[in-house]
1. Compute the Cα gyration tensor for the chain, then decide on rounded, prolate or oblate, letting a ≥ b ≥ c be the square roots of its eigenvalues: rounded whenever a/c is under 1.5, prolate when a/b is larger than b/c in the other cases, and oblate in all that remain.
2. What are the lysines whose alpha-carbon lies under 19 Å from the alpha-carbon of residue 11, with same-chain residues fewer than 8 places away excluded?
3. Kirkwood Rh and Cα-based Rg: tell me the resulting Rg over Rh for the stretch 179-306, rounded to two decimals.
4. Determine the alpha carbon to alpha carbon distance for each of 98/118; 47/98; 71/98; 203/342 and list only those over 25 Å.
5. Just going by the charge dipole of the stretch 220-408, with Lys and Arg at +1 and Asp and Glu at -1 on Cβ, which of 375, 299, 240 is farthest out on the positive end?
6. Which ordering of 305, 397 is given by a fewest-first count of other beta-carbon atoms within 10 Å?
7. Can you list the GluC sites (Glu not before Pro) in the stretch 242-302 that are in a DSSP coil and have 13 or fewer other beta carbons within 10 angstrom?
8. Testing the spin-label approximation: label points 7 Å from Cα along Cα→Cβ at residue 386 and residue 20. State their distance in nm.
Amino acid sequence: MNLDLIRGIDKWAGIPACFVVSLVYRIVGWVRDWRKSEAGAAATPQKVLFIELSEMGSTVLAYPAMKYVLKKYPSAELYFLIFEQNRFSVDMLGIIPKERVLTISLRSPLHFLASTIKTLAVMRKAKLDVVFDLELFSRFSSLLSGLAGAHTRVGYGRYHEEGLYRGSFMTHRVFYNPHQHISRNFMALVKSIEHGGEYPLLKAIIQEEDMEEPRYESSKSDLQGLKGRLATINPVVNDAEHLVLLSPNAGDLLPIRAWALENYVALAQRILERFNAVVIVIGLEGASRDATEILGRVGPERCIDFTNQTSFNDLLNLLNLADVLVTADGGPAHFAALTPIKSVVIFGPETPVLYAPLGGNTTCLFAGLACSPCLSAYNHRKTSCTESKCMEAITVDTVSEAVSQSLSGSEAAL
């Protein structure tokens, strides 16, 4: 996936498309007329769509908002729209029936166009009451919201900020607060339909009791089967006191979020020196190269290359089975929040103030350089940085200490 190409299309095709859709709304009179009855239309919504296309981790962070809607409106039917390759992040939450999870394919431009048209038809046929656009200033998701046929359309508005132009057809434009955690920004979206007439939305406190966290329970047989697979690769798993997961690959879209591979090698060596543990390297595709490097330098005696060997269900079961996960900011860190595993999450170009995983079992490490965070909603998550000093500033000693405390409760560093 070429992220720059997607950004370019979203900008150069998205801006005029949003303008045209906004103009149509004004000409037909929908915006002016519907706004008068918007409060009544949103009072008891029966069919509610959430749109979060590109970020699996953000789907987990949206769970409290979705749960709030179900509690507030018990009869509501929830729908979710996401890119096809990311849909498991919705399914694993167990909050939306699979038949109401809508997807758009990125397998090819033709698949993308055909699935978008099909999805729009499904949305309009469903006769949605409310659409919540969780994307941060994506014009494509804004267009989908405007074309979905819902009377109430909720998304982030730029007001007087430098945010991206997304048209003027949202009935509830919520102020995106870059100083509050993204899960609370999502909650502000769903609560906005209860607060008509405020400018800007939302002038309310997000209550802690509303921030309900998701959980994923693994069956005993699934855990035993998974441990058996690991033992087949390396029988030392059966005698180890701890299983430590390393997820060294940050993916191809935002490689600047990666912690250096040599750091993972040094970390694995320290863990194995101090603890009766097995280090398991996880990840997809490009992670296999990282695993080969780690095992080649640390040795295979107490290490396992488990890259490209897990389904999403396997990954969640593995997170339930293991003791500690070490990873850069990304999907695995947020999936871990569904389980009791303790996570050490390394932040650099982004900030834990906004994107820390939910729950209390996470240690977030952030150096706080003057230039960090450099990825934001306002720059379409595109940075000019060519060397991630912010990640280099987080040392092996710092991560080792966090892992040590997680494994033994000791404050002593490895």
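Where a number appears in this text, it was derived from the coordinates with a stated rule and is not lab data. Note that the structure is a prediction, hence the values are computed from the model and not measured. Every residue, glycine among them, receives a Cβ derived from its backbone with ideal geometry; neighbour counts consider all protein chains shown.
1. Working: a/c = 2.02, a/b = 1.85, b/c = 1.09.
Note, shape of the chain comes out prolate.
2. 382
3. Numbers: Rg = 21.4 Å, Rh = 18.2 Å.
Rg/Rh: 1.17.
4. Working: 98/118 17 Å; 47/98 15 Å; 71/98 20 Å; 203/342 35 Å.
Where the Cα-Cα span goes over 25 Å, the pairs concerned are 203/342.
5. 375
6. Working: 305 20, 397 13.
With the fewest neighbours first, 305, 397 line up as 397, 305.
7. Working: sites: 262, 273, 285, 293, 301; in loops: 285, 301.
The qualifying sites are 285, 301.
8. Output for this residue pair reads 3.9 nm.
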